[in-house]
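No value in this document is a laboratory result; all are computed from the given coordinates. Just so we're clear, the structure is a prediction, and the values are computed from it rather than from any experiment. A quick note on method: Cβ atoms are made from the backbone with ideal geometry, for glycine too, and the neighbour counts reach across all protein chains shown.
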Amino acid sequence: MKAWKIAVPLSLAAVGGIVGIVLMKKKSAKPAAEKSAAKPGKPNDAKKAPANEKTGSYSFISGFQDAATVEATLRYDAERFRFDVVEEGFLSYSSDSHVALVEGEDFSLQLEYGAYYSGEDFDGHIKALREKHADIVPAVYGENKGCRYYEGDNVCFVFPVDAHSYLLVTGVKAKGNDDELSALPEYEDMKDLLGSLRFERVG
């Protein structure tokens with residue numbers, strides 16, 4: 001009888017010990033998993049919004065019979081970039097009456113609208129571009145899905161706007177920027193600017 005009374009606490013102690021070891025293993029494994037998830041050399045803190053974020057707006061007429069005004073907007077850090085809509089002094093040749101410029105220390109962007117040819121759509125436009133630019137590839141920035149290609153000393157992005165128009169964004173390196181042109185699409189500032197593009201038919 002005494003032996004039975006002693007055996008029960010011993011077996012309970014053994015079970016408790018096993019549970020304790022398992023819990024200790026789980027606890028020690030958690031930081032290891034968190035460590036492996038973190039990218040070495042990269043901070044885990046969330047990216048802070050610019051202290052002076054502004055929205056730039058570029059409007060144009062899209063369509064013919066059912067023409068409407070489209071407003072293209074993007075967000076930019078006003079402490080590091082300047083936004084203007086201009087009718088002259090373009091960064092790159094354009095037949096448009098006006099373009100938007102986003103000018104920064106490392107690079108600048110020119111935004112200009114383009115109209116599809118009759119019966120054409122965005123896919124048709126890309127097909128025509130591919131005949132001139134064999135290096136054209138898909139380009140995705142946030143919600144915006146378009147294509148990218150190089151033209152001379154510029155990198156160009158095209159994004160669909162609506163059934164009638166597309167937006168051409170031309171990236172130009174600033175003087176003194178020694179990076180390869182191919183590095184521009186990977187700049188965090190470039191990703192933020194192109195990812196913030198939005199289009200709205202306003203009338």
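For this structure, a couple of remarks:
- Magnitude of the charge dipole, the range 133-198, Cβ model with Lys/Arg +1 and Asp/Glu -1, debye to 20: 240
- Within straight-line cross-link reach of LYS54, aspartates and glutamates at Cα separation under 16 Å, skipping those fewer than 8 residues along the same chain: GLU71, ASP77, GLU79, ASP84, GLU103, ASP189, ASP192
- Dipole size of the range 94-141 about its Cα centre, with +1 on Lys/Arg Cβ and -1 on Asp/Glu Cβ: approximately 240 debye, rounded to the nearest 20.
- Pairwise label distance in nanometres, LYS191 with LEU129, each label 7 Å out on the Cα-Cβ vector: 2.1
- A Förster radius of 35 Å combined with the Cβ-Cβ distance from ALA51 to ASP84 puts the calculated FRET efficiency at roughly 0.95.
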